[in-house]
Amino acid sequence: MKKILIIDDEKSIRKTLREILEYEKYIVDDAIDGSEGISMIQKGRYDIILCDIKMPKMDGIEVLEKIMQIAADTPVVMISGHGNIETAVEAVKKGAFDFIAKPLDLNRLLLTIRNAMDKSILVTETKVLKKIVNKTFDMIGNSKAILQIQEMIERVAPTDARVLITGGNGSGKELVARWLHEKSNRANASLIEVNCAAIPSELIESELFGHEKGAFTSAVAQRKGKFEQAEGGTIFLDEIGDMSLSAQAKVLRALQENKITRVGGEKEIKVNVRVIAATNKDLQKEIAAGNFREDLYHRLSVILIHVPSLNDRKEDIPLLAEHFFKLITMDHGMHNKILTKDAIKELQKINWTGNIREFRNVVERLIILCDKTITDKDVIAFARPLKSN
């Protein structure tokens, strides 16, 4: 059953609300003032809080501010007989779910509570899903290189510093970018990913900066680009070494001025985004060859993080194997399988040119094709099925 806390200094209001809500099958607690209410919230979890605004000692707005500090995910409905538009707006700005004036309209109150309950359920489900997603994207390993990257992420993530991530295909550059975002102050906003290598050069500017209606033949409507979509959050420019020079110039301007202009437009649009970039290329060589702007490189590389190849951290293979075994067997609805020590040694002998991406595919193949216990012979047979003898 859902639990509601009523904070109101009027005994008659508390009694009336309790009777109504208990009739609707809610569990109800009540507090006679803000201090008692805050104390109860600190001791237990509530699905919704109903809080009066005009109270002695601590008024409802102060109580709301405290709740936002200790239980920010709990919907708070403010109620008052002394309210006005300004008060309602202030309450909502400070985090209230809704504002209801006294005398209370019973139907309005119950509808608001149901809507707040829906929000509470969505918040809980989102947290659960986020934990699942984060588990899927865990950074696995205890090698020196991985520990250094984890330490770097902890230091850099809370800042807005631009980061350039280097490393081979499949090494985990996207994972580093994801964790930089998740541990940043922008984590509640969007992480927008752009694979610069997958977008044709003639479309990359429209993809990044958007376009106005009629800017080109197929531009039948105005469209926001990735920079605008990432407003308040992070944009991840993957494989930026493959970006055209004309697009590089516009990205440089966006970084310098925090402004973009849509293709076919003249209006400058201010943007507030953190930029993380990644590449599998040696950008110094690309600069020397005239394929990459040196000034853009220096703008992007405030912080440099290099992700090592799997071949450079083979001591992490036992942990990676255990991690992927759990995830993959769960995805396929299979019982967990056992990987023998000799099988792990055989995996460590392989030249992993495709890095973590290739390793995961091999683990999945072994899980599907082998019996419960996977041996070194299985690894030899299935890890490189196309390898000629």
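Where a number appears in this text, it was derived from the coordinates with a stated rule and is not lab data. Quick caveat: nothing in here was measured; it's all calculated off a predicted structure. Cβ: placed from backbone, ideal geometry, glycine included. Neighbour counts: every protein chain shown.
A few remarks follow.
- Helices in the chain, meaning DSSP H runs of at least 4 residues, each add -39500 (n - 2.57). Divided by all residues, the mean residue ellipticity at 222 nm is -14000 deg cm²/dmol.
- Gyration tensor verdict on the chain (Cα atoms; rounded if a/c is under 1.5, prolate if a/b is larger than b/c, oblate otherwise): oblate
- Between Phe292, Phe97, Phe359, the Gaussian network model of the chain with springs among Cα atoms under 10 angstrom shows the greatest mean-square fluctuation at Phe97.
- Electrostatic dipole magnitude of the chain [Cβ: Lys, Arg +1; Asp, Glu -1; Cα centre; debye, to 20]: 700
- The charge dipole of the stretch 1-59, taken about its Cα centre with unit charges on the Cβ atoms of Lys, Arg (+1), Asp and Glu (-1) only, comes to about 200 debye.
- In the chain, excluding the sites themselves, the longest stretch lacking any of the GluC sites (Glu not before Pro) that are in a DSSP loop with at most 11 other Cβ atoms within 10 Å is 1-201.
- Extension gain, Lys267 to Ala221: 0.36 nm times the residue separation minus the Cα-Cα distance gives 14.9 nm.
- Cα-Cα over 18 Å, subset of Lys3/Lys25; Lys66/Lys102; Lys314/Lys345; Lys173/Lys224: Lys66/Lys102; Lys173/Lys224
- Beta bridges per DSSP, both residues in the chain: antiparallel share near 10 percent.
- Along the axis of the charge dipole computed for the chain (Cβ charges of +1 for Lys and Arg, -1 for Asp and Glu, origin at the Cα centre), the listed residues Thr217, Pro75, Ile165 are led at the positive end by Ile165.
- Zone residues, the stretch 302-346, relative to Ala381, backbone N less than 19 Å from point 7 Å out along Cα-to-Cβ: 337-346
- Bridges between two residues of the stretch 137-306, per DSSP, are antiparallel at a rate of about 20%.
- Here the residues Leu64, Leu50, ranked from fewest to most Cβ neighbours within 10 Å of their Cβ, fall in the order Leu64, Leu50.
- Set against the 2.2 N^0.38 Å expectation for a compact globular protein, the stretch 169-219 has a Cα radius of gyration ratio of 1.52.
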